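The values are calculated or read from the model by the stated rules, or taken from the named source; none is laboratory data. Remember, it's a predicted structure, so these values are computed and weren't measured experimentally. Using ideal geometry, Cβ is built from the backbone for each residue, glycine included, and neighbour counts are taken over all protein chains shown.
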Amino acid sequence: MARKKQFNVGSKMRHLITNINPRSPISEQYRTVRTNLQFASVDNEVRSMLLTSAGPAEGKSMTTANLAVVYAQQGKKVLLVDADLRKPTIHYTFRLDNLRGLSNILVGETTLEETVGTSDITNLDVISCGPIPPNPSELLGSRRMQAFIETVKEKYDMVIFDMPPVLAVTDAKILANYVDGAILVVRSKKTENEAAKQALEALESVHANVLGVVLNDRDKKEANYYYYYGS
Ligand SMILES: Nc1ncnc2c1ncn2[C@@H]1O[C@H](COP(=O)(O)OP(=O)(O)OP(=O)(O)O)[C@@H](O)[C@H]1O
Ligand SMILES: [Mg+2]
């Protein structure tokens with residue numbers, strides 16, 4: 001069981017709005033994403049998904065963590081996995097020490113039971129990245145990764161993976177083959193249209209089941225406008 005951090009992680013501390021303030025309009029938006037995903041996967045049950053984006057800092061990790069929380073709040077048994085083995089952040093969000101994580105499982109050093117951490121949130125377990133490996137793509141494409149996904153899908157109702165940017169490295173494209181669906185996070189006013197298009201094409205080129213696009217950081221006024229009209 002991953003231990004909780006005893007020391008202050010300072011500026012790297014991240015807060016989960018869906019946990020701190022579940023009634024806020026932002027939390028409501030995350031629940032809307034959850035509902036839309038459930039409608040999008042009505043024919044083929046989605047039990048594992050990854051989130052990626054075209055480039056860095058578009059809000060992948062924040063969206064992944066909040067989505068995991070709203071699924072758990074719905075009573076689903078959820079596992080959140082930090083599969084960004086290059087720039088991991090999930091351990092900061094959940095204040096885990098990251099001494100053990102996915103990378104240890106993938107090299108056969110630890111078992112799932114030894115590695116999984118509990119969060120303060122009911123129904124939500126977390127696997128952080130663990131020590132950063134020199135060969136992330138190779139590990140994510142390994143047979144151990146496939147076996148890991150099969151195992152966790154039996155134990156959890158929903159498994160959600162945080163990934164690196166899809167245009168920068170191949171990791172998300174590799175994992176897209178092993179999970180039931182992929183979500184693209186696009187940051188309003190930051191992501192170039194062309195980059196978003198290329199990111200979608202990159203996922204489609206590996207026959208990923210693209211479940212949808214999450215528009216992050218949309219203008220508040222604009223968001224209220226659409227919210228009012230129920231869009
Ligand atoms: N809608 C938002 N409003 C305010 N801050 C945001 C928003 N979305 C993301 N951020 C901030 O932007 C930074 C990057 O977010 P996050 O780490 O979730 O992105 P990422 O896509 O996972 O980045 P990376 O490519 O480095 O993994 C964080 O400091 C986060 O708090
Ligand atoms: Mg991230």
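Observations on the model:
- Only listed residue being assigned to a helix (DSSP H, G or I), touching a Leu at 6+ places or on another chain (Cβ under 8 Å) and within 16 Å of ligand 1 (Cβ to nearest atom), chosen from ALA72, ALA65: ALA65
- Filter pass, ASN44 being within 26 Å of GLU154 (Cα to Cα), modelled with pLDDT under 95 and not in a strand (DSSP E or B): yes
- When the range 168-178 is limited to residues that are farther than 22 Å from HIS91 by Cα and of a type outside the set (Phe, Trp, Tyr), the one that is surrounded by the most Cβ atoms within 10 Å (Cβ to Cβ) turns out to be ALA176.
- Checking ASP82 against (1) near ligand 2 (Cβ under 10 Å from one of its atoms); (2) at pLDDT below 95, the condition it does not meet: (2)
- A residue that is under 17 Å from LEU211 (Cα atoms), within 16 Å of ligand 1 (Cβ to nearest atom) and out of contact with any Asp or Glu (no Cβ under 8 Å at 6 or more places or on another chain) occurs nowhere in the range 97-105.
- Boolean, VAL42 is away from ligand 1 (no atom under 13 Å from the Cβ) and either surrounded by 15 or more Cβ atoms within 10 Å (Cβ to Cβ) or within 15 Å of the chain's Cα centre (by Cα) (or both): no
- Residues being without any contact (Cβ under 8 Å) to a residue 60 or more places away in the chain and surrounded by fewer than 22 Cβ atoms within 10 Å (Cβ to Cβ) are entirely absent from the range 160-167.
- Test result for ILE149, out of contact with any Cys (no Cβ under 8 Å at 6 or more places or on another chain), at pLDDT 95 or above and over 19 Å from SER61 (Cβ atoms): yes
- Condition met for THR111 (more than 15 Å from ligand 2 (Cβ to nearest atom), modelled with pLDDT of 95 or more, surrounded by fewer than 24 Cβ atoms within 10 Å (Cβ to Cβ) and among the β-branched types (Val, Ile, Thr)): yes
- Within the span defined as the range 78-96, every residue fails to be more than 15 Å from ligand 1 (Cβ to nearest atom) and free of Cβ contacts under 8 Å to residues at least 40 places away in the same chain.
- THR89, sole failed condition from (1) in contact with a strand residue (DSSP E or B) (Cβ under 8 Å, 6 or more places away or on another chain); (2) surrounded by 24 or more Cβ atoms within 10 Å (Cβ to Cβ): (2)
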